[in-house]
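S.K.: I'd like to ask you about the structure that follows.
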Amino acid sequence: MDKKTSGGFSSRIGFVLAAAGSAVGLGNIWRFPYLAAKYGGGSFLFLYLILTVTFGFTLMLTEIAIGRKTGKSALYAFSALDSRFKFLGVLASIVPMIIFPYYCVIGGWVVKYMVTYVTGQGVNASQGTFFTDYISSAGEPLLWLCLFIIATMFIILGGVEKGIEKASKILMPVLILITIGIAVYVFTIPGISDGILYYLKPDFQKMSMQAVLAAMGQLFYSMSLAMGIMITYGSYLNKKEDVEAAVHHIELFDTGIAFLAGLIIVPSVFAFSGGDEKALSEGPSLMFVTLPKVFEHMPLGHVVGAVFFTLVLFAALTSSISLMETIVSIIQNKFSVSRRKICISISAGAFVIAVPSSLGFGIWSGIQPLNMSILDFFDFISNNLLMPVVALITCIMVGIVLKPSVIADEVKSSGRFKSEKLYNIFIKYIAPVILVAILISSILNAFGVIHL
Ligand code: PHE
């Protein structure tokens, strides 16, 4: 039944690294650089930073505080505060269950690319149809998908402290070192300075309403909000830790890695394409098609490719463990079953659900719900619809129904709450408006009415 979640992080740094591991993911690497380049470089970076410390801060603090206050999983945390919001727990719990399987499909692609580079076959990855040939084949992607799920499962089997915290304490520092290492290397490439300038130079003419919408949507996804993840991790956070400071540290990691990913990707693609802005795409094609071509033309490109895909794999893995742990905590919270059994069942279930997303690029490509691939369809339902709705109702619940003091009291129980005034204004007025804008714009974007 409705029990408290057990076990927890042993230290604040463990918690921060795990939460930052969740936040730093594919979004930081394959979407942020593209958006920053498209919407005015330095001016977009500035806008993004402001939104992080206000809007992102508000939502993340809310989720972590709800988790820690109630000590419950995403399913029961809301109803523990107000029984009328039981439905919100159900909605928030569906999100990671939809995302986890298809996220692992992409995780499997990353494993494939890493192995390709590490085994010295990087040149193949740069060939014209390597990526589409690969994702449309029936067998191999399922194999790597399976491996990625098993890797995630092994970490989760270890529990919060010995699994997630330990893995994050290894993977995150390595991830940071690799990112800085590649960024420094890219700086030494001849002719790179134009691209660096292109990425950093503010271009206020590109600061449109769309730029603001794109920044808000990206931030929301990038900080792993409205997926139940921060509630879950918050429920494992020690009652003595300073929540506000922890949130600021997570923001720093998430934004820092996104910024560095841009510093690696934008100038490299820019130099490779001879300054053609259009060469910079977003999403899978940037990572799996354009970048392998860039590596092919870079001195020591295959080594950079191998290290880069290791970085992406670590980023994907620390995000997938946060998704799986969120589901584990929901099930543990509801049924008295051992962690081991839950982990194995979730992994098997996720694999089965992931199969259509994977085959949707090959033999099942004829199935196109709402004219999208199966994977994109799941992404649309979770990211574009459910997540903004969950976050919006959370704001209404905390800001209007319960009053922000529920969160403030929790934060103040273990430290100062320096930004309380800002928090109150955002949770009550500004965040809901932003979330409605995100909801509407992401639906219009998905249907091609606008292009973010
Ligand atoms: N924050 C992640 C990113 O930027 C998104 C994510 C987290 C997705 C956890 C799934 C699970 O890529």
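S.K.: Starting from the exponent 0.38 and prefactor 2.2 Å, build the expected Rg for region 360-416 from its residue count and divide its actual Cα Rg by it.
M.R.: Taking N as the residue count of region 360-416, the ratio is 1.89.
S.K.: Just to be sure I understand the model, the point goes 7 Å from the Cα along the line to the Cβ. What's the resulting residue 170 to residue 146 distance in nm?
M.R.: Spacing of the two 7 Å Cα→Cβ label points: 2.4 nm.
S.K.: Most exposed first by the Cβ proxy, i.e. fewest other Cβ within 10 Å, how do 31, 339, 416 rank?
M.R.: Values: 31 22, 339 19, 416 11.
Fewest-to-most Cβ neighbours within 10 Å comes out as 416, 339, 31.
S.K.: Now for a different question. Kindly flag which residue pairs out of 112/334; 334/412; 72/166; 206/278; 169/240 have an alpha-carbon separation exceeding 26 Å in this structure.
M.R.: Working: 112/334 36 Å; 334/412 30 Å; 72/166 22 Å; 206/278 15 Å; 169/240 21 Å.
Beyond 26 Å: 112/334; 334/412.
S.K.: Packing-wise, with mean Cβ within 10 Å as the measure, how do 214-222, 126-134, 242-250 rank, highest first?
M.R.: 214-222, 242-250, 126-134
S.K.: Now for a separate question. For the charge dipole of the chain, defined by +1 on Lys and Arg C-beta atoms and -1 on Asp and Glu C-beta atoms about the Cα centroid, which residue among 205, 90, 292 has the Cα displaced farthest towards the positive pole?
M.R.: So the residue furthest toward the plus end is 90.
S.K.: For region 11-91, state the semi-axes of the equivalent ellipsoid (square roots of 5 times the eigenvalues of the alpha-carbon gyration tensor), sorted largest first and rounded to whole angstrom.
M.R.: Each semi-axis is the square root of five times an eigenvalue, giving 31, 15, 12 Å.
S.K.: Sorted by mean Cβ packing within 10 Å, highest first, what order do the peptides 18-30, 376-388, 277-289 take?
M.R.: Answer by packing, highest mean first, reads 18-30, 376-388, 277-289.
S.K.: May I ask which residue of 404, 368, 378 lies farthest towards the positive end of the charge dipole of region 346-439, with charges of +1 (Lys, Arg) and -1 (Asp, Glu) on Cβ and the Cα centre as origin?
M.R.: 404
S.K.: Still on this model: Could you tell me what fraction of 2.2 N^0.38 Å the Cα radius of gyration of region 245-301 comes to, as a two-decimal ratio?
M.R.: Output field value: 1.36.
S.K.: Could you give the length gained on full extension between residue 201 and residue 413, defined as 0.36 nm per residue of separation minus the Cα-Cα distance, in nm? Present the calculation step by step, with values, prior to reporting the outcome.
M.R.: Values: separation 212, 0.36 × 212 = 76.32 nm, distance 4.28 nm.
Length gained between residue 201 and residue 413: 72.0 nm.
S.K.: Moving to a separate point now. Using the 10 angstrom Cβ neighbour count as an exposure proxy, how do 86, 240 rank, fewest first?
M.R.: So the ranking, lowest neighbour count to highest, is 240, 86.
S.K.: Largest first and in whole Å, what are the equivalent-ellipsoid semi-axes of the chain based on the Cα gyration tensor, each being the root of 5 times an eigenvalue?
M.R.: For the chain, the ellipsoid semi-axes come out as 33, 26, 21 Å.
S.K.: Fully extended, how many nm does the chain gain between residue 208 and residue 370 (0.36 nm per residue separation, minus their Cα-Cα distance)?
M.R.: 55.5 nm
S.K.: Hull surface divided by four, with the convex hull built on the Cα atoms of region 62-122: how many nm²?
M.R.: 5.6 nm²
S.K.: Where a ≥ b ≥ c are the square roots of the eigenvalues of the C-alpha gyration tensor, would you call region 210-249 rounded, which needs a/c under 1.5, or, failing that, prolate if a/b is larger than b/c, or oblate?
M.R.: It is oblate, given that a/c is not under 1.5 and a/b is not larger than b/c.
S.K.: Now a separate question. Taking only the C-alpha atoms, wrap a convex hull around region 134-258 and report its volume per residue in Å³ as a whole number.
M.R.: Enclosed volume per residue, from the Cα hull, is 202 Å³.
S.K.: A follow-up question, please. Under a plain spin-label model, where a point goes 7 Å from the Cα along Cα-to-Cβ, how far apart in nm are residue 86 and residue 132?
M.R.: With each label point 7 Å from Cα toward Cβ, the separation is 5.1 nm.
S.K.: Could you tell me the calculated FRET efficiency between residue 184 and residue 336, based on Cβ-Cβ distance and R0 = 51 angstrom, to the nearest 0.05? Each step should come with its number before you reach the end.
M.R.: On the way: r = 51 Å, r/R0 = 1.00.
FRET efficiency, residue 184 to residue 336: 0.50.
S.K.: How big is the charge dipole of region 237-392 about its Cα centre, in debye rounded to the nearest 20, if each Lys and Arg gets +1 on its Cβ and each Asp and Glu gets -1 on its Cβ?
M.R.: Details: 8 positive and 12 negative charges, 152 e Å.
For this selection, approximately 740 debye.
S.K.: No solvent, one uniform scatterer per C-alpha: report log10 I(q)/I(0) for region 248-371 via the Debye equation at q = 0.11, 0.13, 0.23 1/Å, two decimals.
M.R.: -0.62, -0.82, -1.23
S.K.: Have a look at 190, 154, 70 and report the one farthest towards the positive end of the charge dipole of the chain, computed about the Cα centre with Cβ charges (Lys/Arg +1, Asp/Glu -1).
M.R.: The residue sitting most towards the positive pole is 70.
S.K.: I would also like to ask the following. Using +1 on the beta carbon of Lys and Arg, -1 on that of Asp and Glu, and nothing else charged, what's the dipole of the chain about the Cα centre, debye to 20?
M.R.: Once rounded to the nearest 20, the dipole reads 1340 debye.
Each reported figure results from applying straightforward, stated rules to the coordinates on display, with no laboratory input. Nothing here was measured: the structure is a model prediction, and the numbers come from that model. Cβ coordinates were reconstructed from backbone atoms using ideal geometry, including for glycine residues, and neighbour counts include every protein chain displayed.
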